1. Name the residue from Y199, L39, Y151 whose Cα lies farthest towards the positive end of the charge dipole of the chain, charges +1 on Cβ of Lys and Arg and -1 on Cβ of Asp and Glu.
2. Distance between Cα centroids, the stretch 150-208 to the stretch 14-64: provide it in whole Å.
3. With +1 on the Cβ of every Lys and Arg and -1 on the Cβ of every Asp and Glu, and nothing else charged, how large is the dipole of the stretch 2-295 about its Cα centre, in debye rounded to the nearest 20?
4. Using only helices, what value at 222 nm comes out for the chain when you add -39,500 (n - 2.57) per DSSP H run of length 4 or more and divide by the total residues, to the nearest 500 deg cm²/dmol?
5. Quick check: convex hull of the Cα atoms in the chain, volume per residue, rounded to a whole Å³?
6. Can you work out ³J(HN,Hα) from phi for every residue in the stretch 135-145, in order, using Karplus 6.51 cos²θ - 1.76 cosθ + 1.60 and θ = phi - 60°, giving whole Hz and x for Gly and Pro?
7. I want to check the label-to-label distance for N136 and D153. Put each point 7 Å from Cα in the C-beta direction and report it in nm to one decimal.
8. What is the distance, in nm, between label points placed 7 Å from the Cα along the Cα-to-Cβ direction at Q89 and at K75?
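Derivation of every value follows stated rules applied to the coordinates shown; laboratory data play no part. What you are looking at is a predicted structure, and each value in this text was computed from that prediction instead of being measured. Positions of Cβ are backbone-derived with ideal geometry, glycine not excepted, and every protein chain shown enters the neighbour counts.
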Amino acid sequence: MKIAVHIPFYNQSPEETQRPLNKNKIFFLKKSLLSLESLKIRTNIYIHTHNNYLDDKNIKHKIIKHKLNNDELKKGYLTWVVRKFMEKQANDYDYFMYKEHDIIFNQKNFNYWKKYNSILKKHDFNTGFLVLEKGNKKYYSIHSQEKLKEYIDINNTRFFVVNFPYYCCWIYDRTEFKKFINTKWWKFNWNGKNYLTFYGITEMSAIGWHGLNMDRYKLTLIPKINKFVDEGCFLIHSTNNYFYRRKHMMLSGRYVCKFSKNDLVGNKLFKYRYITKIDKFILKLKFSLRTILRLYK
């Protein structure tokens, strides 16, 4: 059994340090690589970049250089050229993963995903993750906009519904990956901004095949263990810069790190109610009205 992991590495100012940890991008990349190297499965790592910066950085993994102009790089197209290379490997690996350079994915995460993926995929559900950052001596979920409170029961196990299923990476087995590469979602001929989502170019790549506006999975789920969640669902964002910027981001209407790790589960739980046609109509109407209002600003 073996896995291919593909990582885009955009380094427009490679030696520039990032607050609050004051480390440069190569530091976070190497930290991520160490975690991947500890996986108890044959792991081949491919780093996609756009210059010669990594040539003398003692990286023992495959480095793939892409020719992109500055405008393409700034817009995030490096995250999409990765896929041309991945397609060619469809028959070579048992598992395929795409992840951002500063996301820590370890053996515990892989065991968790493998365990629940075999259960959930049969029912057209995606096995989800939550991305954490550390601040004020606590860990916070970066993307969670509300607490976990809606659930679905499958095979005598309770699963929480993740209403914002973005976690900076995706992982699928070979069967799923082969289906994925034959969809429009793989080919970048879809719009990431609609009544359900607001993905930029890089987010469109990192969401994989489990975006809210896609047609593969009914929902993204995380298993409930006692009164909490399975700890294997937690990924670490090693750059740790969202918590540092969260107050500034709130002023512009972007809410990050709202809930600490230990405060993710709501006090009252409710059985999940699937969205109805009327719900969709109302959401689409609101989205259309917002779009029209922006045109007249």
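1. Sorting the options by dipole projection puts first Y151.
2. 25
3. Its charge dipole is roughly 600 debye.
4. Result for the chain, helices only: -9000 deg cm²/dmol.
5. 157
6. Values per residue, Gly and Pro as x: x, 6, 6, 10, 9, 10, 7, 4, 9, 5, 9 Hz.
7. The answer from the label model is 3.7 nm.
8. 2.6
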